[in-house]
């Protein structure tokens with residue numbers, strides 16, 4: 001999509017269905033294919049679905065996907081909703097979406113931008129916001145959980161960077177962009193009439 005529409009979410013049935021699918025993918029990958037480390041850390045691949053929701057559909061859509069997937073995850077697991085962890089879930093979709101490269105950006109610079117957004121999201125969400133939620137709401141000792149949280153960050157950050165770049169350069173991104181452009185053209189033609 002063009003630079004002027006990069007941060008704009010096109011709200012249509014396609015977007016809502018796609019966000020629902022990405023939330024479901026997150027739930028499957030994070031709840032059933034995750035490695036728990038201690039009582040306060042988990043290595044999972046599901047966050048890539050939240051990140052791609054933001055990259056493909058915009059920051060608002062990424063935040064919505066993070067919110068819905070976190071609330072459904074709490075419901076499935078029987079956890080109480082932790083507002084800071086829910087905020088972190090929303091930020092997973094917002095922060096990387098702010099680093100989406102323009103169409104005319106070179107591949108090396110685009111990969112650097114995607115990885116920068118992913119690394120910043122990992123640090124902010126995993127190390128700061130989620131850790132603060134575990135300490136503040138759940139009452140964990142910061143110094144007891146910080147080594148595990150740091151280990152989780154070091155393991156999952158490169159994995160997320162690779163996944164995000166692979167998915168961004170997959171045919172799915174071209175299909176999403178093409179479909180959204182079609183919806184924008186339809187909407188603009190309706191507004192002209």
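Key figures
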{"quantity": "Checking residue 34 against (1) out of contact with any helix residue (DSSP H, G or I) (no Cβ under 8 Å at 6 or more places or on another chain); (2) farther than 22 Å from residue 127 by Cα, the condition it does not meet", "calculated": "(2)"}
{"quantity": "Among (1) within 24 Å of residue 133 (Cα to Cα); (2) modelled with pLDDT under 90; (3) out of contact with any strand residue (DSSP E or B) (no Cβ under 7 Å at 6 or more places or on another chain); (4) not in a loop (DSSP other than H, G, I, E, B), the one test that residue 27 misses", "calculated": "(2)"}
{"quantity": "Verdict on residue 41 being touching a helix residue (DSSP H, G or I) at 6+ places or on another chain (Cβ under 7 Å) and modelled with pLDDT under 70", "calculated": "yes"}
{"quantity": "Of the criteria (1) farther than 12 Å from residue 125 by Cβ; (2) out of contact with any strand residue (DSSP E or B) (no Cβ under 9 Å at 6 or more places or on another chain), which one residue 89 fails", "calculated": "(1)"}
{"quantity": "Helices (runs of 4 or more DSSP H) contained entirely in the range 77-193, each with at least 1 residues that are without any contact (Cβ under 8 Å) to a residue 24 or more places away in the chain and loosely packed, with under 12 Cβ neighbours inside 10 Å", "calculated": "107-122, 142-168, 171-192"}
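The values are calculated or read from the model by the stated rules, or taken from the named source; none is laboratory data. Since the structure is predicted, the reported quantities are computational estimates derived from the model, not experimental observations. Cβ: placed from backbone, ideal geometry, glycine included. Neighbour counts: every protein chain shown.
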